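To start, the structure under review is shown below, and the notes come after it.
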Amino acid sequence: MSSAIPSLSSLHALGPAQQPTYPDADAVGAAVTRLRTMPPLVFAGECDELKDKIAAVARGEAFLLQGGDCAETFAGVTADNVRNKLRVLLQMAVVLTYAASVPVVKLGRLAGQYAKPRSSDFETRDGVTLPAYRGDAVNGYDFTEASRVPDPQRLVEVYHASAATLNLVRAFVTGGYADLRQVHTWNTDFVRTSPVGQRYEQVAAEIERALTFMQAIGADPDEFHRVDFHSSHEALVLEYEHALTRIDSRTNLPYDVSGHFLWIGERTRQLDNAHVELLSHIRNPIGVKLGPTTTPDDALALAAKLNPENEPGRLTFITRFGAKKIREGLPHLVEKVTASGIEVAWVCDPMHGNTFEASSGYKTRAFDDVIEEVQGFFDVHRSLGTWPGGLHVELTGDDVTECVGGGEELAEMDLGHRYESVCDPRLNRVQSLELAFLVAEMLRKA
Ligand code: PEP
Ligand code: MN
């Protein structure tokens, strides 16, 4: 593989999908020039460490938990927001680690998840049509003409927002906040104090006994007090990802230092297009979303292009079929990929195939559909003898009302109470913890 990074203009010549139409080319150039001078947000060595961990996922020796907002916002870069998200991910990870009896690789959909692909370029409200909101990386959410104009200066703001988020996350995960005892106490609080949590008393009690045992024998490894946590986002806006692609001084190889793990979305995974091309040149661990129209040959071709040397941990397939399609559609994909000897981590995104519009007009997802897709994912992999490697979820640590169902039985008419997502509906704190405990039960049955 050539290590030369293709030029930005050669990528644009490939006619990439889902790019903003910037009105001012000079302003784009200025923003890209600025970004090229900025220090890396992550380090190549950290990306390599994550790649090794994902290789363990592909071998069936670890489980991946990837989660965060559908779309981060600049206004959401607050200590409370970042901390709550991190806390729920850490809580889920402890439950999953115990149930899976393998390490859980923790990957935030954060510190860079600011750009969104849209099914339509335009949005119409009350007869007024404006450019669609493409994430804070591109334009404003407010439904006014001025706010919806794509502004490249926002890419520089993405950099700063991501730096602030990562800085906080790094401090939290090494500075005592991620202490295992502490995280477990949050879980026992959830189990004791919420009616939904009570169902999971047994697992929580088992974890409690395991921790007490460790303490009794005097075991106090470093891992009890700090965790590894990595960042990820969809590599979508070419200007941003290209400007942050740098040659690593250790290896002379290119890495996209905007995040540890980058993925290609369902709408931009065309083999000859710019996103696949750019990501084929970087050395980070990467993912590709695979929806229900993916043929086994599509998957094989993507693997050949993105991981020609079949490097372990390099490639993750994130399947998002929908609860109704996964049992039918996933087996032949997994079978053919496995038969061809391709090393890949299989991860389930039970969100993006299960979105619907509620009668009130809110975009939502049903908790039961999410669980049903995860169950289908486990069942398919179990029947094929392959490893269900992980979960990719849209969630928040706050008590929002965006997805219906779950133990609190959130109804469609409740959605308006606290619907804050600027894009897809997220599992709230309680729904996320429930998901972790339910998946723990699935893992234990495996
Ligand atoms: C997403 O992850 O927010 C997303 C748009 O997913 P997909 O590309 O799978 O539709
Ligand atoms: Mn989404």
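Before moving on, here are some points about what is shown:
- Sole residue being closer than 30 Å to LYS106 by Cβ, in contact (Cβ under 8 Å) with a residue 24 or more places away in the chain and exposed (fewer than 14 other Cβ atoms within 10 Å of the Cβ), chosen from GLY60, GLY45: GLY45
- Top-ranked residue in segment 270-289 [being touching a strand residue (DSSP E or B) at 6+ places or on another chain (Cβ under 6 Å) and part of a loop (DSSP other than H, G, I, E, B); ranked as farthest from ILE54 (Cα to Cα)]: ILE282
- Some residue of segment 128-135 being aromatic (Phe, Trp, Tyr), assigned to a loop (DSSP other than H, G, I, E, B), surrounded by fewer than 19 Cβ atoms within 10 Å (Cβ to Cβ) and within 16 Å of ligand 1 (Cβ to nearest atom): no
- Cβ pairs under 8 Å, 6+ apart, first in segment 423-443 and farther than 12 Å from VAL374 by Cα, second of a type in the set (Asp, Glu) and at pLDDT below 95: VAL430/GLU408; GLN431/GLU408
- One residue stands out among those in segment 405-430 that are within 13 Å of ligand 1 (Cβ to nearest atom) and not basic (Lys, Arg): the one that is surrounded by the most Cβ atoms within 10 Å (Cβ to Cβ), which is PRO425.
- Top-ranked residue in segment 67-120 [being part of a strand (DSSP E or B) and either free of Cβ contacts under 8 Å to residues at least 40 places away in the same chain or more than 14 Å from ligand 1 (Cβ to nearest atom) (or both); ranked as nearest to ARG365 (Cα to Cα)]: LYS106
- Selection within segment 406-446: residues that are in a loop (DSSP other than H, G, I, E, B) and in contact with a helix residue (DSSP H, G or I) (Cβ under 7 Å, 6 or more places away or on another chain). The member of this set that is nearest to ligand 2 (Cβ to nearest atom) is GLY406.
- Test: residue in segment 110-121 that is surrounded by 20 or more Cβ atoms within 10 Å (Cβ to Cβ) and aromatic (Phe, Trp, Tyr): yes
- Qualifying position, being hydrophobic (A, V, I, L, M, F, W, C), within 16 Å of ligand 2 (Cβ to nearest atom) and more than 14 Å from the chain's Cα centre (by Cα), among ALA132, ALA93: ALA132
- Of the set (1) in a helix (DSSP H, G or I); (2) over 30 Å from GLY135 (Cα atoms), all apply to VAL156 but (2).
- Test: PRO150 is out of contact with any helix residue (DSSP H, G or I) (no Cβ under 8 Å at 6 or more places or on another chain), more than 30 Å from GLY389 (Cα to Cα) and surrounded by 16 or more Cβ atoms within 10 Å (Cβ to Cβ): yes
- So GLY291, is it surrounded by fewer than 24 Cβ atoms within 10 Å (Cβ to Cβ), in contact (Cβ under 8 Å) with a residue 40 or more places away in the chain, within 13 Å of ligand 1 (Cβ to nearest atom) and of a type outside the set (Ser, Thr, Tyr): yes
- Residue satisfying all of: in segment 354-369; in contact (Cβ under 8 Å) with a residue 60 or more places away in the chain and of a type in the set (Ser, Thr, Tyr); surrounded by the most Cβ atoms within 10 Å (Cβ to Cβ) among these: THR364
- Unique match (being at pLDDT 95 or above, farther than 23 Å from PRO117 by Cβ and of a type in the set (D, E, K, R)) among LYS363, LYS325, LYS336, LYS305: LYS336
- Among residues of segment 370-403, those that are more than 24 Å from GLU335 (Cα to Cα), surrounded by fewer than 24 Cβ atoms within 10 Å (Cβ to Cβ) and free of Cβ contacts under 8 Å to residues at least 60 places away in the same chain, counted: 3
The values are calculated or read from the model by the stated rules, or taken from the named source; none is laboratory data. Values in this document were obtained by computation on a predicted structure and should not be read as measured data. Every residue, glycine among them, receives a Cβ derived from its backbone with ideal geometry; neighbour counts consider all protein chains shown.
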